[in-house]
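Peer 1: For reference, the structure I am asking about is given below.
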Amino acid sequence: MGDPAVMVGVDIGTTSTKAVAYDTGGRQLATHSVGYPLEEPHPGYAEQDPARIFDAVVGSIRAVVEELRRPIAGLSFSTAMHSLIGLDAAGTPLTPSVTWADSRASAQAERLRAVPSGLAIHRRTGTPVHPMAPLPKLVWFAEQQPKLHERVAHWVSIKDYVLLRLAEALVTDHSVASATGLMDIHRLVWDAEALRIAGITEEQLPQLVPTTHVLPGLTAAAARATGLPADTPIVVGAGDGPLANLGLGAVHPGEVACSIGTSGAMRVMVERPGVDPLGGVFCYALTEHRWVVGGAINNGGIVLQWANEALAPELGEHAEEELLDLAAQAPVGSGGLIMLPYLLSERAPHWSALPRGAYVGLTHGHGRAHLVRAALEGVCQQLALVLASVRAAGNEVREIRASGGFARSPLWRQILADALGMPVRFPAGHEGSSFGAALLGMQALGLIESIEVAADLVRIEETVRPNPASAATYAALLPLFSELYDALVPTFASLRRLAPSLPPEPPPTAPPQ
């Protein structure tokens, strides 16, 4: 029979690109990653060098090819979403890659959100009007750098740029496009009103293609650089968020993928696109019949890092275990202390750059243990609000699968299950988005019947069930947690005016959105 076919999933992340080879049984055969920096030349900026990322893609692929020393059926791509690059007519970048973490377009996003057409665009495109998204970024370029804006021949994402250099194809997949705020997710075409607001034309954007679209091969230069045959098929792939669901095996409607790394996210697989009436969730494509609805939060593990630095600096920079032991000493609900964990502003479900962090209910009886536990509870309560928005969009939630650095902590696992009021299943380690990309590529090339095999390939390592009493406490606190955001919006706005320097968006090690 011979060895199973091998697909290489290439995940273009915000801190590194990782190439991982899998066979059709889901076994990981080889992996290599190449890192690169995130440049922050001004407050709120978060940029990268597109050429350096391309070199990292080529280098990671080549290392895997050299390690495997066996035929590779194809390449398939995952990418961090919401990036934006301006190219000239020859395909040379005129701008850096402006990442999802870039918040310079906050004023433009807030202005667009304040008019009725802002919510209408969100409902049509699936992308919240938020500075993370390319639509407000394009408005920023038009207003702040108009001469540069006029010179740009094509606006692309980082994956589009990589594919252009690998295969000389100017295309973008429906998944990445669904995270731009520029594509009508119901008709799978560029949205005319969004383009008008952005000040660009359809001709300045790549050709829209399905995520399973196959490019016939590499350029001669790319073939030499990667060590692959020139006729190696390239599956264009999708965004890292939808592919993370696939990589966790959450491929059926009602199956939720939750991740907490530096930031966090919650996404449920659905069969038809759509957002809730209030615009609390995003909707991004995976395939023609699979979409993810959910929300990303800016503040996950970064809140624990802050607690370490601000509340227990004597423990050192890497005393996570001791800090979690400290939090475990406080009662469920932290003795009536609530933390709004908006240290790095926030995204879902409010999608505003205004909020800041706050402790509410602080008394003389609270100590460090309460403060740290309230921080962890605040992160999980924010995810509970996202889950409520997912349900408000008309989606059934039957199962939750979780991943990310937080999963190393039994305490944090339990708080999450209690705050969500549902069992949370933890899969054994998979590379998430790269595995999802490989599975999507296998389906595109006919190596597997369907991406639904992911449900059978991903093994559940542990299921954490909510404690009924704890879950009741968090359910009672959730309305108060939610109301505090609305109550403090005027205060947030006043603080913005008094201290206009924007906090940066999350560090770039956030999980898929």
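Peer 1: Using only the Cα atoms of segment 93-179, build the gyration tensor, take square roots of its eigenvalues as a ≥ b ≥ c, and label the shape rounded, prolate or oblate: rounded if a/c is under 1.5, else prolate if a/b is larger than b/c, else oblate. Could the numbers behind the result be given before it?
Peer 2: Numbers: a/c = 2.26, a/b = 1.40, b/c = 1.61.
Verdict is oblate for segment 93-179.
Peer 1: OK, next. In terms of modelled amide H atoms, which long-range or inter-chain residues lie less than 5 Å from the amide H of Val6?
Peer 2: Ala73
Peer 1: Another question about this same structure. Tell me the Kirkwood hydrodynamic radius of the chain in angstroms, computed as one over the mean inverse distance between distinct C-alpha pairs.
Peer 2: Values: mean 1/r = 0.0436 Å⁻¹.
Computed over Cα pairs of the chain, the Kirkwood hydrodynamic radius comes out at 22.9 Å.
Peer 1: Please name which of Gly421, Ser433, Gly446 has its Cα lying farthest along the dipole of segment 371-456 towards the positive end, using unit charges on Cβ (Lys, Arg +1; Asp, Glu -1) and the Cα centre as origin.
Peer 2: Gly421
Peer 1: Spin-label point model (7 Å from Cα, Cβ direction): what's the Ala89 to His42 distance in nm?
Peer 2: About 2.9 nm, to one decimal.
Peer 1: What is the set of long-range amide H partners of Val256 at a cut-off below 5 Å, with H atoms built 1.01 Å from backbone N?
Peer 2: Here Arg398, Glu399, Ile400, Arg401 satisfy the definition.
Peer 1: First measure r as the distance between the Cβ atoms of Asn467 and Val214, then evaluate 1/(1 + (r/R0)^6) with R0 = 45 Å and state the FRET efficiency to the nearest 0.05. Kindly include the intermediate steps, with their values, before the conclusion.
Peer 2: Working: r = 49 Å, r/R0 = 1.08.
After rounding to 0.05, the efficiency reads 0.40.
Peer 1: Follow-up question, since we're still on this one. Can you give the angle from 0 to 90° between the axis of helix 134-144 and the longest principal axis of the chain, with both taken from C-alpha atoms, to the nearest 10?
Peer 2: The helix 134-144 is inclined about 90 degrees to the chain.
Peer 1: For a Förster distance of 22 Å, can you work out the FRET efficiency between the beta-carbons of Ala392 and Ala120, rounded to the nearest 0.05? Don't skip to the end; give the middle numbers.
Peer 2: Working: r = 18 Å, r/R0 = 0.82.
Efficiency, rounded to the nearest 0.05: 0.75.
Peer 1: Any chance you could give the angle, 0 to 90 degrees and rounded to 10, that helix 410-420 forms with the longest Cα principal axis of the chain?
Peer 2: Relative to the chain, helix 410-420 is tipped by roughly 90 degrees.
Peer 1: How would you order 433-439, 182-188, 232-238, 334-340 from highest to lowest mean count of nearby Cβ atoms within 10 Å? Please report the intermediate quantities before stating the final value.
Peer 2: Working: 433-439: 32.1, 182-188: 19.3, 232-238: 27.1, 334-340: 21.7.
My ranking of the peptides, most packed first, is 433-439, 232-238, 334-340, 182-188.
Peer 1: What are the extents of the Cα atoms of segment 436-505 along their three principal axes, in Å, largest first?
Peer 2: Computed over segment 436-505, the largest-to-smallest principal extents equal 58, 40, 17 Å.
Peer 1: Here is a follow-up. Excluding Cys258 itself, what net charge comes from residues whose Cβ is under 12 Å from its Cβ, given Lys and Arg +1 and Asp and Glu -1?
Peer 2: Working: positive: Arg267, Arg401, Arg413, Arg425; negative: Glu255, Glu399.
Net charge around Cys258: +2.
Peer 1: Could you grab the relative contact order for the chain? Cα pairs under 8 Å, six or more apart, rounded to a whole percent.
Peer 2: Details: 1217 pairs, mean separation 88.6, N = 513.
Taking the mean separation of contacting Cα pairs over the length of the chain, I get 17 percent.
Peer 1: Could you go through segment 380-390 in sequence order and give the Karplus-derived ³J(HN,Hα) for each residue, using 6.51 cos²θ - 1.76 cosθ + 1.60 with θ = phi - 60°, rounded to whole Hz, and x for Gly and Pro?
Peer 2: 6, 5, 4, 5, 5, 5, 4, 4, 5, 5, 4
Peer 1: How would you order 288-296, 6-14 from highest to lowest mean count of nearby Cβ atoms within 10 Å? Can you show the working numbers first?
Peer 2: Values: 288-296: 24.1, 6-14: 28.0.
Highest-to-lowest ranking by the protection proxy: 6-14, 288-296.
Peer 1: Let me see the pair-distance distribution of segment 74-119: every alpha carbon pair, 5 Å bin width, integer percents in order.
Peer 2: Bins of 5 Å from zero give 5, 16, 14, 17, 20, 14, 8, 4, 1, 0 percent of pairs.
Peer 1: Within a 10 angstrom radius of the beta carbon, how do Arg124, Arg272 rank from fewest other beta carbons to most? It would help to have the intermediate numbers written out before the result.
Peer 2: On the way: Arg124 20, Arg272 13.
Least crowded to most crowded, the residues run Arg272, Arg124.
Peer 1: Once R0 is set to 25 Å, what does the formula 1/(1 + (r/R0)^6) return for the Cβ-Cβ distance between His318 and Ala428, expressed as a FRET efficiency to the nearest 0.05? It would help to have the intermediate numbers written out before the result.
Peer 2: Details: r = 25 Å, r/R0 = 1.00.
Calculated value: 0.50.
Peer 1: OK, next. Taking every DSSP beta bridge with both residues inside the chain, roughly what % is antiparallel (nearest 5)?
Peer 2: Details: 50 of 71 bridges.
So the antiparallel bridges amount to about 70 percent of the total.
Peer 1: I need the peptides 201-208, 95-102, 405-412 ranked by packing, meaning the mean over residues of other C-beta atoms within 10 angstrom, with the highest value on top.
Peer 2: Working: 201-208: 15.1, 95-102: 23.9, 405-412: 18.5.
Result, highest mean Cβ count within 10 Å first: 95-102, 405-412, 201-208.
Peer 1: Let me ask another. Enter the angle in degrees (range 0 to 90, nearest 10) between the Cα long axis of helix 158-167 and the first principal axis of the Cα atoms of the chain, meaning the one along which they spread out most.
Peer 2: 20
Peer 1: Exposure proxy check: Leu138, Leu445 ranked by fewest other beta carbons within 10 Å? Numbers along the way, then the final one.
Peer 2: Working: Leu138 28, Leu445 17.
The order, fewest Cβ neighbours first, is Leu445, Leu138.
Peer 1: What are the ³J(HN,Hα) values, in whole Hz, obtained from phi via the Karplus relation 6.51 cos²θ - 1.76 cosθ + 1.60 with θ = phi - 60°, for each residue of segment 43-49 in sequence order, with x given for Gly and Pro?
Peer 2: These are the phi-based 3J(HN,Hα) values: x, x, 7, 8, 10, 9, 8 Hz.
Peer 1: Using the crude model of +1 on Lys and Arg Cβ and -1 on Asp and Glu Cβ, and no other charge, please compute the dipole size for the chain relative to its Cα centre, in debye to 20. Mind dumping the intermediate values first?
Peer 2: Values: 36 positive and 50 negative charges, 117 e Å.
The calculation lands at about 560 debye.
Peer 1: Using only helices, what value at 222 nm comes out for the chain when you add -39,500 (n - 2.57) per DSSP H run of length 4 or more and divide by the total residues, to the nearest 500 deg cm²/dmol? Each step should come with its number before you reach the end.
Peer 2: Numbers: 17 runs with 193 residues, N = 513.
The helix contribution divided over the chain gives -11500 deg cm²/dmol.
Peer 1: Expected output is a single nm value to one decimal: the length gained when fully extending between Thr201 and Asp325, i.e. 0.36 nm times separation in residues minus the C-alpha distance. What is it?
Peer 2: On the way: separation 124, 0.36 × 124 = 44.64 nm, distance 5.52 nm.
Stretched fully, the Thr201-Asp325 segment lengthens by 39.1 nm.
Peer 1: Starting from the Cα of Lys159, draw a straight line to each of the lysines and keep only those under 21 Å, dropping any in the same chain fewer than 8 residues away.
Peer 2: Lys18, Lys137
Values quoted throughout were computed directly from the atomic coordinates according to the rules given, and no laboratory measurement underlies them. In this text the structure is predicted, and so the values were computed from the model without any measurement. Quick reminder, even Gly has a Cβ in these numbers, built from the backbone with ideal geometry, and neighbours come from all protein chains shown.
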